[in-house]
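Heads up, the thing below is written out as structure tokens.
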Amino acid sequence: MGIFDKFKIGFKKNASTFTSGLKDIIVNKEIDDKALDQIEEYLIQSDVGILAASEIKEIIAREKIDPKKDTISEINIILKDYMVSLMRPLESRNFFNKKDKLNAILISGVNGVGKTTTIGKIGKILKSNGNKVMFSACDTFRAAAIEQLESWANKIDVNITKSAQGSDPASVAYKAIELALKNNFSHVLIDTAGRLQNKKNLMEEYKKIANVTKKIDPDAPHDVILVLDATSGQNVINQVEEFNKIIPITGLIMTKLDGTAKGGILLALAKKYKLPIIALGLGEKEDDLQIFSAEKFAEAFIQIN
């Protein structure tokens, strides 16, 4: 099954609801000011954000769609073109390429977004591209987190650096990068404890992990990836805001886009922050992390082609 098929299946329930909602507004109607306002309001309710909804409304008004044409098809084309133009510059396919120098990648996010599982899936893609990968189990608060990451390491056959539950997370990260440099690894993926963005002590510890890595390599961490849960809706905006204050985010991965999740929030994030979108998680299987493609995302979300 190709990437487009996975996207389309993953978004099917959400997308069919989205497009049917638009049809209810547009069917047998001329696109007048009232319809434009309804479209804008519907887009905002679908989590695409006020900025993106306003711009889409302006584009539809400017296009002056002929009511004799298939109006919903015309609007779908406008939506797709808008999404692709906004999100294509945020594609980051080079992230998974083979690297010659060590890349220390800090994976962050609040509780329950699927960080550890996402690390396993990232590791699989990186390894398939010829990279030498190590996991660093820095979520030392939960024994289950260390065991889960170790399970993924065994499953995809990569190395893991770990310590006992309760160990200093920063010391585990330091040890992992030190070992990786000595043994010519190309990637260290650093798992971190799930933390609420408003808990100052936990965020300070998160910052400490990043600072410790710089003692070995001043450029580390080379990437800071924030994992977000699509089912959280507008709350992810606040998460990006707060995490970005602590350590600048270099990329986003959104999980749980299967089922009833609202994919529209990705547009709001793209418009507001313009951060690279690394990949999307569509399920729990090993291959359910999809490298982000703006065009495939747009087609699947709107359910066209």
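Quick note: the coordinates plus some simple rules give every number you see, no bench work behind them. It should be emphasised that the depicted structure is a prediction, and the values quoted were computed from it without experimental measurement. So basically every Cβ, Gly included, is an ideal-geometry build from the backbone, and we count neighbours across all protein chains shown.
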Summing -39500 (n - 2.57) over every DSSP H run of at least 4 residues in the chain and dividing by its residue count gives a helix-only mean residue ellipticity at 222 nm, to the nearest 500 deg cm²/dmol, of -16500 deg cm²/dmol
What one gets for region 97-165 as the Kirkwood radius, inverse of mean 1/r over different Cα pairs in Å, is 12.5
Measuring from the longest principal axis of the C-alpha atoms of the chain, the long axis of helix 143-156 (C-alpha) lies at a number of degrees, nearest 10, equal to 80
Residue 178 and residue 66 label points (each 7 Å along its Cα→Cβ direction) are spaced in nm at 7.2
Per the C-alpha gyration tensor (a ≥ b ≥ c, the square roots of its eigenvalues), region 114-225 is rounded if a/c is under 1.5, else prolate if a/b beats b/c, else oblate; here it's oblate
In debye to the nearest 20, the charge dipole size for the chain, taken about the Cα centre with +1 at each Lys and Arg Cβ and -1 at each Asp and Glu Cβ, equals 820
Net charge near residue 98 (other residues with Cβ under 12 Å of its Cβ; Lys, Arg +1; Asp, Glu -1) is +3
Stretched fully, the stretch from residue 23 through residue 235 gains (0.36 nm per residue minus C-alpha distance, one decimal, in nm) 73.5 nm
Scoring the chain by relative contact order with C-alpha pairs under 8 Å, at least six apart, yields a percentage of 28
Simple spin-label estimate for residue 73/residue 54, 7 Å along Cα→Cβ, in nm, reads 3.3
Listing 190, 253, 277, 72 by rising number of other beta-carbon atoms within 10 angstrom, fewest first, gives 72, 277, 253, 190
Checked the chain with the C-alpha gyration tensor, a ≥ b ≥ c its square-rooted eigenvalues, rounded below a/c of 1.5, otherwise prolate if a/b is larger than b/c and oblate if not; verdict prolate
Ordered by fewest other Cβ atoms within 10 Å, a rough proxy for footprinting exposure, 222, 187 read 222, 187
As a percent rounded to 5, the proportion of antiparallel DSSP bridges among beta bridges in the chain is 10
Quick calc, residue 142 & residue 45: beta-carbon distance into FRET formula, R0 35 Å, rounding 0.05, result 0.45
Going from the fewest other Cβ atoms within 10 Å to the most, one would list 245, 64, 115 as 64, 245, 115
